[in-house]
Amino acid sequence: MEGTFFMVLAACALVPAWLAVRGANLIHAALWLGASLLATAAVYAMLGASFLAGVQVLVYVGGVITLMIFGVMMTRRHEGLVALAESRHQGRAAAIAVTLFAVIAQAINATDGLDAPLSAPVSANGSALGRALVVDHVLAFEALSLLLLAAIVGAVVIARRRDPPDAREAEVPS
């Protein structure tokens with residue numbers, strides 16, 4: 001029963017992810033990405049990682065998707081403009097994705113101990129988790145924050161370059 005439930009959740013994560021990648025409308029793609037991330041949070045909850053599932057919902061589904069939709073809506077200047085996904089290299093991308101999937105599946109299949117029963121979860125309180133993030137793993141925590149900042153700045157730069165010229169700038173004064 002648990003395996004069947006996992007397969008359903010995996011399908012609920014993969015189908016919206018596929019639709020997000022294949023979608024031509026950026027708003028719809030962001031919403032499909034949110035559905036995929038929500039299904040991923042359900043997988044975390046099924047595996048007993050309730051804190052990780054909560055963070056997934058709060059940070060990614062709540063925050064990142066809202067930021068993406070806000071960013072898309074702010075950068076679109078024309079009502080009829082639809083940003084189409086570039087699709088010149090679909091065949092190569094599919095071949096790379098299938099190859100990567102095969103390599104990862106082989107690595108998982110060759111790993112010993114994955115079928116071992118789960119041990120009892122470690123009880124961790126909020127202060128221990130906070131201490132681990134801010135004291136023990138502070139370098140990784142700060143590197144991740146810089147990576148997210150760079151991703152946001154890069155997304156803004158890419159979005160600004162692809163905007164069509166403003167109609168007012170195209171008019172020549174007489």
(message) Just to be sure before I move on: is A20 over 19 Å from L148 (Cβ atoms), free of Cβ contacts under 8 Å to residues at least 60 places away in the same chain and in contact with a Pro (Cβ under 8 Å, 6 or more places away or on another chain) in the structure I sent?
(response) no
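Looking only at the stretch 127-144, which residues are part of a helix (DSSP H, G or I), free of Cβ contacts under 8 Å to residues at least 24 places away in the same chain and within 18 Å of V55 (Cα to Cα)?
So in the stretch 127-144, the residues part of a helix (DSSP H, G or I) come out as 127-136, 138-144.
Next, from what is left, pick out any that are free of Cβ contacts under 8 Å to residues at least 24 places away in the same chain: 127-128, 130-136, 138-144.
Correct list: S127, A128, G130, R131, A132, L133, V134, A140, F141, E142, L144.
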(message) Considering only residues that are under 14 Å from Y44 (Cα atoms) and hydrophobic (A, V, I, L, M, F, W, C), which ones fall in the stretch 1-32?
(response) F5, F6, M7, V8, L9, A10, C12, A13
(message) Which condition from (1) more than 27 Å from the chain's Cα centre (by Cα); (2) at pLDDT 80 or above; (3) under 21 Å from L47 (Cα atoms) is the one that P117 breaks?
(response) (2)
(request) Give the residues of the stretch 28-58 that are among the aromatic types (F, W, Y) and not in a helix (DSSP H, G or I), sorted by residue number. (result) none
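To keep it simple, each residue is scored yes or no on (1) at pLDDT 60 or above; (2) exposed (fewer than 12 other Cβ atoms within 10 Å of the Cβ).
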residue	(1), (2)
V57	yes, no
T66	yes, no
G80	no, yes
L84	no, yes
S87	yes, yes
R92	yes, yes
A95	yes, yes
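One residue is enough: does the stretch 30-45 have a residue meeting the conditions under 12 Å from the mean Cα position of the chain (by Cα) and touching a residue at least 40 places away in the same chain (Cβ under 8 Å)?
yes
The values are calculated or read from the model by the stated rules, or taken from the named source; none is laboratory data. Because the structure is predicted, anything quoted here is derived from the model rather than measured. Heads up, the Cβs are rebuilt from the backbone with ideal geometry, glycines too, and the neighbour counts pull from every protein chain shown.
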